[in-house]
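Working notes, beginning with the structure itself.
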Amino acid sequence: MSTPISELLDAETVQSIADEVWPTLVGDGEAFVPLPVAPPAEAVSAWVDIRGPWNGSVVLTCAPATAAALTESVLMTRPPTVVDDEDVKDALGELANVLGGNIKSVLPGESRLGLPQIGSAPPTGSLDDVCRVAGQWRGQFLTITVQGAAVAPHAERIEEKPL
Amino acid sequence: MRALVIDDSRAMRRIVGSILTDLGFEVREAGDGRQALDALEAGGKEGWVPDLCCIDWNMPVMDGLQFVSAARANPGYRQVTLMMVTTESETGQIVKALAAGAHEYLIKPFTADAMRDKLAMLGLLPEGVAL
Amino acid sequence: MTLTATSFDWVRQLVHRESAIVLQPGKEYLVEARLLPMAQQRGLAGVSELVEAVRTRPDPASTRRIVEALTTNETSWFRDGDPFMALTGTVLPQLLAARGPNERLNIWSAASSSGQEPYTIAMLLSDAMPDAPNRVSITATDLSREMVERTRAGRFSQLEINRGLPAPMLVRHFTRAGNGWEISPTLRKMVHASECNLAVPFPRMGPFDVVYLRNVLIYFDLATKQAILQRVRQIMRPDGWLFLGAAETTLGVDDNWERVVVGRGSAYRPRKGN
């Protein structure tokens, strides 16, 4: 499908999905707030791929410390219990999964969701096929990005070109 | 009442498991459809048969839909209520799951009350559960 | 945070009394967030001021709005089960036998809120009777204009449709609308939503074969309850059926009803010879 994500989905819809996901998955009273904050030095991303008439990914990005805090909240752990990398991969992945599934249901046609993935760099997407909601959770940087699958190799090269 | 929670996410297994435990269920877990079938078989041998399976869709090795088909193909599991608990929520997917033999479908994100409502509807809430 | 402990406690008790929903300690932020718009609308400084105002001079409309604000997303389909199972199991066969083949069946959902109740009824009847869209008319009323508009729209969020709606009915009667779901046009046409304040004389309505007056009488004092029940009886068919909330009864309120056991619940019918 050549229709870009910006014509299929808007920031308001992504926000309304986050408004349902945060209180139920992250915890009562928790919220993703669409007010941007400065990005951190280091970031971690969790994402799910969508395959169907539209191909792309739903990516959650935040600082590693935020990821750990999110995990603690999702798993409802209390000190002295500490969350490990496996827990973070799991909780962040599930968050991306639930966001992804709900975003996918807004898209036309039959699509399938991939298994969650996590990494220090988000996957490369198509430059002009992006819906990004820059925001915060508990005052910390967090973005939700819906991006089309990278199509042409030359698009990637342009992105890597130093300024 | 006994439940088998089938989800590749440990976080989700913990969340669903804790809701079910609060509702009086004895809970066991499995990380994918294959593990779930093995758990059913092993459980059957010791007389542990779940009343309810909560099943995620997207899992490695064997996904939830495949598990539902396999479970329904086995007459020994006829009494087990199969409920999808998943973020997959296109109409066509819900139809597909029900057609494969799932009895109910709970969409993520869900609240503990929503789980409770579904179980009450299915007649699976143990008697005397406090409001 | 403007909410005092006393205010939170009063709200907590109100919500539990009127809806059985429990607000745990720690949910003060929720009360704050949900009631702030209402406080601001009245030109009050904060939620505690609103609560004080309503607590010292309670009125049904305000207490209802407070409960509604805190129970959004909590309304379930087929609430309590029995009064809806009774519709297809007991009531419908008797009505069809008693009415002519071309007579419309009129049903009133008298506190329809965001629409779950009237559409539950629409789904059940549509599944039970192929000609339901032509034969059944469901009047849905609510005190709140906002709720009436929600019912008219027939749109529900993901969280709302998770509450007690059987999945086969979801796929049969709803289509996806953005991240939410919308009731089918056929069923939407069966429901006619309008504003109605039960505490004053009703607009021209009815006569109704079945009335659902569930979990709303609790907001009124005894005299008003009696007046409402009398007005309801006047616009009901003599062989009609009244369903109240699970914990409600006409006993001790209005003698003009006969309680009938239906399934595991009850219904009330106009007492004969009045």
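The values are calculated or read from the model by the stated rules, or taken from the named source; none is laboratory data. Computed from a predicted structure; not experimentally measured. When we count neighbours, we look across all protein chains shown, and the Cβ atoms used for this are built from the backbone with ideal geometry, even at glycine.
Just a yes or no: is a residue in segment B:111-124 within 13 Å of chain A (Cβ to nearest Cβ), of a type in the set (S, T, Y), on the phi < 0 side of the Ramachandran plot and touching a helix residue (DSSP H, G or I) at 6+ places or on another chain (Cβ under 8 Å)?
yes
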Among (1) farther than 30 Å from C:A33 by Cα; (2) within 12 Å of chain B (Cβ to nearest Cβ); (3) crowded, with 19+ Cβ neighbours inside 10 Å - the single one A:W47 does not satisfy: (2)
Selection within segment C:246-264 - crowded, with 20+ Cβ neighbours inside 10 Å and in a loop (DSSP other than H, G, I, E, B): C:T250
Residue check, B:L65 at pLDDT 95 or above, facing another protein chain (nearest Cβ under 10 Å) and part of a helix (DSSP H, G or I): no
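Restricting attention to segment B:83-105, report how many residues are within 14 Å of chain A (Cβ to nearest Cβ) and either part of a helix (DSSP H, G or I) or buried (at least 22 other Cβ atoms within 10 Å of the Cβ) (or both). Spell out how you get there, then give the answer.
Here is the first cut: in segment B:83-105, the ones within 14 Å of chain A (Cβ to nearest Cβ) are B:84-97, B:105.
Adding the requirement that they be either part of a helix (DSSP H, G or I) or buried (at least 22 other Cβ atoms within 10 Å of the Cβ) (or both) leaves B:84-89, B:91-97, B:105.
Here the count works out to 14.
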Pairs, first free of Cβ contacts under 8 Å to residues at least 40 places away in the same chain in segment B:71-99, second small (G, A, S) and surrounded by fewer than 20 Cβ atoms within 10 Å (Cβ to Cβ), C-beta under 6 Å, six or more apart: B:R72/B:G101
Candidates C:L124, C:L165, filtered to the one that is more than 28 Å from C:M236 (Cβ to Cβ) and either away from every other protein chain (no Cβ under 14 Å) or in contact with a Ser or Thr (Cβ under 9 Å, 6 or more places away or on another chain) (or both): C:L165
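Counting just the residues of segment B:20-48 that are aliphatic (A, V, I, L, M) and modelled with pLDDT of 95 or more, which one comes out farthest from the chain's Cα centre (by Cα)?
Among residues in segment B:20-48 that are aliphatic (A, V, I, L, M) and modelled with pLDDT of 95 or more, the one farthest from the chain's Cα centre (by Cα) is B:A42.
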Pairs where the first residue, in segment C:154-168, is without any contact (Cβ under 8 Å) to a residue 24 or more places away in the chain and the second is of a type in the set (D, E), C-beta under 7 Å, 6+ apart: C:Q158/A:E20; C:A167/B:E104
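Can you find a residue that is within 14 Å of chain A (Cβ to nearest Cβ) and either under 17 Å from C:V210 (Cβ atoms) or modelled with pLDDT of 85 or more (or both) anywhere in segment C:21-31?
yes
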When residues of segment A:27-53 are limited to those that are within 25 Å of B:M12 (Cβ to Cβ) and among the charged types (D, E, K, R), the one modelled with the lowest pLDDT: A:D28
Number of the exception - C:T90 against (1) at pLDDT 85 or above; (2) β-branched (V, I, T); (3) more than 23 Å from C:G206 (Cβ to Cβ): (3)
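Which ranges mark the helices (runs of 4 or more DSSP H) fully within segment C:27-81 that have 3 or more residues being touching a Lys or Arg at 6+ places or on another chain (Cβ under 6 Å)? Spell out how you get there, then give the answer.
Numbers: elements: C:28-41, C:47-56, C:60-71.
Fully inside segment C:27-81 and qualifying: nothing.
Just wondering, is there one or more residues in segment B:21-28 that are among the β-branched types (V, I, T), within 14 Å of chain A (Cβ to nearest Cβ), closer than 24 Å to A:L75 by Cβ and assigned to a strand (DSSP E or B)? Quick ask: steps written out before the conclusion?
Going through segment B:21-28, the residues among the β-branched types (V, I, T) turn out to be B:21, B:27.
From the residues that got through so far, the ones that are within 14 Å of chain A (Cβ to nearest Cβ) too are B:21.
From what's left, closer than 24 Å to A:L75 by Cβ: B:21.
Subset that is assigned to a strand (DSSP E or B): none.
Within segment B:21-28 (the criterion being among the β-branched types (V, I, T), within 14 Å of chain A (Cβ to nearest Cβ), closer than 24 Å to A:L75 by Cβ and assigned to a strand (DSSP E or B)), the answer is no, since none of the residues qualifies.
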Residues of segment C:66-98 classified as surrounded by fewer than 16 Cβ atoms within 10 Å (Cβ to Cβ) and away from chain B (no Cβ under 14 Å), total: 7
Residue within segment A:57-69 that is at pLDDT below 95, in contact with a Gly (Cβ under 7 Å, 6 or more places away or on another chain) and outside any loop (DSSP other than H, G, I, E, B) present: no
Total residues in segment C:51-65, condition hydroxyl-bearing (S, T, Y), more than 13 Å from C:W10 (Cα to Cα) and in contact (Cβ under 8 Å) with a residue 60 or more places away in the chain: 0
Segment A:70-103: number of residues that are polar (S, T, N, Q), buried (at least 18 other Cβ atoms within 10 Å of the Cβ) and assigned to a loop (DSSP other than H, G, I, E, B): 0
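Starting from residues that are assigned to a helix (DSSP H, G or I) and either among the aliphatic types (A, V, I, L, M) or in contact with a His (Cβ under 9 Å, 6 or more places away or on another chain) (or both), keep the ones in segment B:1-20 and report whichever is farthest from A:D84 (Cα to Cα).
Initially, segment B:1-20 is screened for residues assigned to a helix (DSSP H, G or I), giving B:10-20.
Checking the rest, the ones that are also either among the aliphatic types (A, V, I, L, M) or in contact with a His (Cβ under 9 Å, 6 or more places away or on another chain) (or both) come to B:11-12, B:15-16, B:19-20.
On the way: B:A11: 13, B:M12: 16, B:I15: 18, B:V16: 21, B:I19: 23, B:L20: 25 Å.
Filtering first and then ranking leaves B:L20.
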Segment A:71-93 - residue that is touching a residue at least 40 places away in the same chain (Cβ under 8 Å) and over 18 Å from A:A121 (Cα atoms) and, of those, nearest to the other protein chains (Cβ to nearest Cβ): A:V74
